[in-house]
Amino acid sequence: MNEAVNAPELRKLTPVKATPESLAGYGYLIGEPGGLSRDKIDFYGKQVRVTQPAKFHGNDDLCLNLVSFQPRPYTVRWMEFHTKHTQTFIPMCGRPFYMVLGKPTCRRPDGSWDESQSTMPNVEDVTAFEFDGTGGIVMEIGTWHEVPFPIAGETHFICICTNETNHNLENQAPDGDFEGGDLSKRNLLKHFGYTFAVDA
């Protein structure tokens, strides 16, 4: 049997630099002051500045994970999204990473949820982003994503998510598909017949 003939199609994604502009519709780049400025918090004058650079949403089930990623092939086998929180990844030690993201497919322009829409990623807007490590990302609710790919060796991330998401991930099907709770996860090869890879 010729394995090359039967190998699944691999669609390559050329990474683009993660900036506030390039991430519009996917999420928010956090690292530099921006967004809403809380100027009335002024106990220390100009020596301390508080801003809210992202529209962060969650519930009383939010938790903080420390996730350690070892280098792995830049192949995207699964994509997922969350419905109850703006999942956040913040790299430690300033190390760069890639993330592959797709815009939400089940949200209306006003942010409300539309259950009549597809619960599959729109492959036309799946994009690979390169982060230089000086900032992280707060994803929009419903943003499709694969977890970060470290570029410079093992990289630890602060991940803000829900305990429900942790439980969902612990109980997903062997093929990677899951629907329910605070997680929708899809096996790309199963549903589309191909996978993505960061062309790095």
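Each reported figure results from applying straightforward, stated rules to the coordinates on display, with no laboratory input. Quantities reported herein were computed from a predicted structural model and do not represent experimental measurements. Cβ coordinates were reconstructed from backbone atoms using ideal geometry, including for glycine residues, and neighbour counts include every protein chain displayed.
Between residue 116 and residue 75, the simple label model (points 7 Å from Cα in the Cβ direction) yields a spacing of 3.9 nm.
Only helices enter the 222 nm calculation for the chain: every DSSP H run of n ≥ 4 contributes -39,500 (n - 2.57), and dividing by all residues gives -2000 deg cm²/dmol, rounded to 500. Ordering 178, 131, 102 by Cα displacement along the dipole of the chain toward the positive end leaves 131 in first place; charges were set at the Cβ atoms of Lys, Arg (+1) and Asp, Glu (-1). Once the Cα-Cα distance is subtracted from the 0.36 nm per residue extended length, the residue 108 to residue 64 segment shows a gain of 13.0 nm. Arranged from fewest to most other beta-carbon atoms within 10 Å of their beta carbon, 22, 112 become 112, 22.
Neighbour counts of other Cβ atoms within 10 Å put 92, 79, 120 in the fewest-to-most order 92, 120, 79. Computed over the stretch 14-198, relative contact order equals 32 percent, with contacts defined as Cα pairs under 8 Å that lie 6+ residues apart. Put a dot 7 Å past the Cα of residue 10, heading toward its Cβ, do the same for residue 93, and the two dots end up 2.7 nm apart. Considering only 40, 17, 55, the mean-square fluctuation computed in a Gaussian network model of the chain, springs between alpha carbons under 10 angstrom, is largest for 40.
Counting neighbouring Cβ atoms within 10 Å and putting the fewest first, the residues 160, 30 line up as 160, 30. Computed about its Cα centre, the charge dipole of the stretch 14-198 is approximately 420 debye, with only Lys, Arg, Asp and Glu carrying charge at their Cβ. Taking amide H atoms as placed 1.01 Å from N in the peptide plane, the amide H of residue 197 lies under 5 Å from those of 11, 12, 13, 76, each 5 or more residues away in sequence or on another chain.
Counting lysine pairs in the stretch 14-198 that sit 8 or more residues apart in sequence, or on different chains, and whose Cα atoms lie under 19 Å apart gives 6.
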